[in-house]
Amino acid sequence: MTISLTSSSLHLSNLRLDAHYHPSMSILRRFNVRTLNRRNFNIAAAAVRQDTTVWTQAPLSTVDQAAESLFHIKVDVSDSPDLISSHTRPGQYLQLRLPDTEKPSFLAIASPPLISSSKGVFEFLVKSVSGSTAELLCKLGKGDVVELTPVMGKGFEIEQIEPPEKFPTVLIFATGSGISPIRSLIESGFSANKRSDVRLYYGARSLQRMAYQDRFKDWEATGVKIVPVLSQPDDAWKGERGYVQNAFVRAHQKFDPLSTGVLLCGQRQMTEEVASLLTAAGVLNEKILKNF
């Protein structure tokens, strides 16, 4: 008998001469090899798909603190017309990464599309989370270069709650950095001044963690009533306390569910609870809008 001196064939020969050999072991071996090969193929295919992502380099023009742990960041995209044209509606987002890091952050665009096209900038509200790409981003300065993907997502499908006379009530709920795409929505305009009752329930831990307070007056001038809600306020706070969904229930707001639109952005628990609360009240599921 001739034996090839390779470790695999020698192992196989010894296996077949073993008194405990069973044909099913060979079948299992072939199955494992095929499964492993298929898995490796899937991983390789996923890597190829990932490599097709188009990244555009652009410099930062502003990095300012917007609130505690939140930063207002502007990226100059004036030299990237294709990137600018991919931003078409409020609520859209993109991926951003630093050139020397692989893990990107998903960021909703805070500025309205008109700002992107007229000024050539994307604005973001970024929460600095320890150990994340977002933390590194918030430590950068003007002129530092980042990389962006094209804009993604459907954004807020405002056409679902138009015309305004058929949907006079619009309820908006946002928490934390979730106010970012809501800013884009309000400043893009959605005929709030043609609706009878538009309210933004905006939640944060404290006033120190609530971004865009300097914009509240302008937002209210467009027809949006701002209801700040603080979960851990100081003793001097006289406004709403707790969570936005609880503040809404306490308000006993009267509305016709069939002519009400809803927009949600923020913590998952909040969005799920609000959606459940309002669908139970009769609001149509397709009139509850999210940006993802």
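The values are calculated or read from the model by the stated rules, or taken from the named source; none is laboratory data. What you see is a predicted model; the values in this text were computed from it and never measured. FYI the Cβ positions are ideal-geometry reconstructions off the backbone, even for glycines, and counts take in every protein chain you see. SASA here: full protein model, heavy atoms, side chains in, ligands and nucleic acids out. Shrake-Rupley method; radii C 1.70, N 1.55, O 1.52, S 1.80 Å.
Structure above, values below:
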{"item": "Within the accessible area of region 116-195 (1.4 Å probe), percent carbon and sulfur", "result": "47"}
{"item": "3J(HN,Hα) from dihedral phi, region 183-190, Karplus parametrisation 6.51/-1.76/1.60, rounded to Hz, x for glycine, proline", "result": "4, 4, 5, 4, 7, 7, x, 9"}
{"item": "Nearest-20 debye value, region 158-290 charge dipole, Cβ charges on Lys, Arg, Asp, Glu", "result": "180"}
{"item": "Dipole magnitude of region 62-124 about its Cα centre (Cβ charges: Lys, Arg +1; Asp, Glu -1), debye to nearest 20", "result": "220"}
{"item": "Over 25 Å between alpha carbons, listed pairs LYS142/LYS225; LYS74/LYS194; LYS194/LYS290; LYS127/LYS194; LYS119/LYS142; LYS119/LYS166", "result": "LYS142/LYS225; LYS74/LYS194; LYS127/LYS194; LYS119/LYS166"}
{"item": "Filtered trypsin sites (Lys or Arg not before Pro), region 77-164: DSSP coil and at most 16 other beta carbons within 10 Å", "result": "LYS139, LYS142, LYS154"}
{"item": "Relative contact order [Cα under 8 Å, 6+ residues apart], region 170-292, whole percent", "result": "29"}
{"item": "Per residue, in Å², the accessible surface of region 56-148 once ligands and nucleic acids are set aside, probe 1.4 Å", "result": "46"}
